[in-house]
1. On average over all directions, what projected area in square nanometres does the range 1-73 have, based on the convex hull of its Cα atoms?
2. Give me the percent of the accessible area of the range 163-214 that comes from carbon and sulfur atoms, probe 1.4 Å, all protein chains in place.
3. Between Glu179 and Thr117, with labels modelled 7 Å along Cα→Cβ, what's the label distance in nm to one decimal, could you check?
4. Taking the range 124-184, which trypsin sites (Lys or Arg not before Pro) meet the DSSP loop condition and have no more than 15 other C-beta atoms within 10 Å?
5. Leaving out same-chain residues fewer than 8 places away, which lysines sit with a Cα under 23 Å from that of Lys75?
6. Please express the Cα-Cα pair-distance distribution P(r) of the range 121-174 as a list of whole percents, one per 10 Å bin, running from 0 to the bin with the greatest distance.
7. Between Leu130 and Arg33, what is the label-to-label distance in nm when each label sits 7 Å out along the Cα-to-Cβ direction?
8. Taking R0 as 22 Å, what FRET efficiency do you get between Asp164 and Thr212 from their Cβ-Cβ distance, rounded to the nearest 0.05?
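The values are calculated or read from the model by the stated rules, or taken from the named source; none is laboratory data. This one's a predicted model, so the numbers in the text were calculated from it and none came from an experiment. So basically every Cβ, Gly included, is an ideal-geometry build from the backbone, and we count neighbours across all protein chains shown. Just the protein is used for accessible areas: all its heavy atoms, side chains included, with ligands, DNA and RNA removed. Shrake-Rupley method; radii C 1.70, N 1.55, O 1.52, S 1.80 Å.
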Amino acid sequence: MRDWTPDELRSIADRLRRARIDAGYDKASDAVRKFGWGYSRYMNYENGERAVPPKQAILFAAAFGVTVDYIYFGKGYSLNKIEGVEPLSSPKTRHIPLLALDNMDELKRIAEGSEPTSSTAMPVFGEEALPGRCVFIDIRDKSMTHPHEPVSFEPGDKALIDLDAVPSPSDFVLALVPEEQTALFRLYREVGRAEDGSIIVDLVPLNPNFRTIRISSISPGQVIGVCRSIHRVFDLTMPLQRPRLG
């Protein structure tokens, strides 16, 4: 990220504040609660005390219905004036809970059929079809990273998990395994049936430096959801490459 002068930081902060107010959030605390941001960190940006990183600028621009160029440089149009583009506060927007894989208490509740209670959420807007019950999980390690696979999950990616889906071979799934300290996000592979007729499943990492976990009637575990899409917040300073499923 470039180095901004103090005057540029003040101008960015003024435009961010103006965009928030124009979007209908008279108080910064209202926007923070709406989008699940940290209040102190956000106010550092709006007060001009810290530079707004590209990833945050993308989120703020979408939330307030402006362009990233407007926040940084005062250029561009309001997204509300561009046909077919909706800000994050649009009625068409849905906010999906975002969970860390080590949030075991919450994930166990979800596995039991309860609704997520996480206060952190990611907005999804537009016409994208979403599952009825779903969460985002935050990918934090490289267990599902492989440069030669058609799909590779990088730290920082958000995987949308359909909590009502039944897994099929080659799906990417979210699973709970009792002896693990975190939930597992892995490739689902059926390897056979046990004597009692139950399916034996391997949870396979794409990265060979991580181990495969087997779940069966002998080695218990539970698949609680199936990945439907990858959502990546892009760093504008890096080349953009969008992963695809299927």
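1. Working: hull surface 16.7 nm².
Taking a quarter of the hull surface, the average projection is 4.2 nm².
2. Details: 1310 of 2850 Å².
Carbon plus sulfur share of accessible area: 46 percent.
3. Calculated label separation equals 3.1 nm.
4. Details: sites: Arg133, Arg140, Lys142, Lys158; in loops: Arg133, Arg140, Lys142.
When the trypsin sites (Lys or Arg not before Pro) of the range 124-184 are filtered for loop state and at most 15 Cβ neighbours within 10 Å, Arg133, Arg140 remain.
5. Filter leaves Lys55.
6. In order of increasing distance, the bins hold 20, 46, 32, 2 percent.
7. Computed distance between label sites Leu130 and Arg33 equals 2.0 nm.
8. Working: r = 26 Å, r/R0 = 1.18.
So, using R0 = 22 Å, E works out to roughly 0.25.
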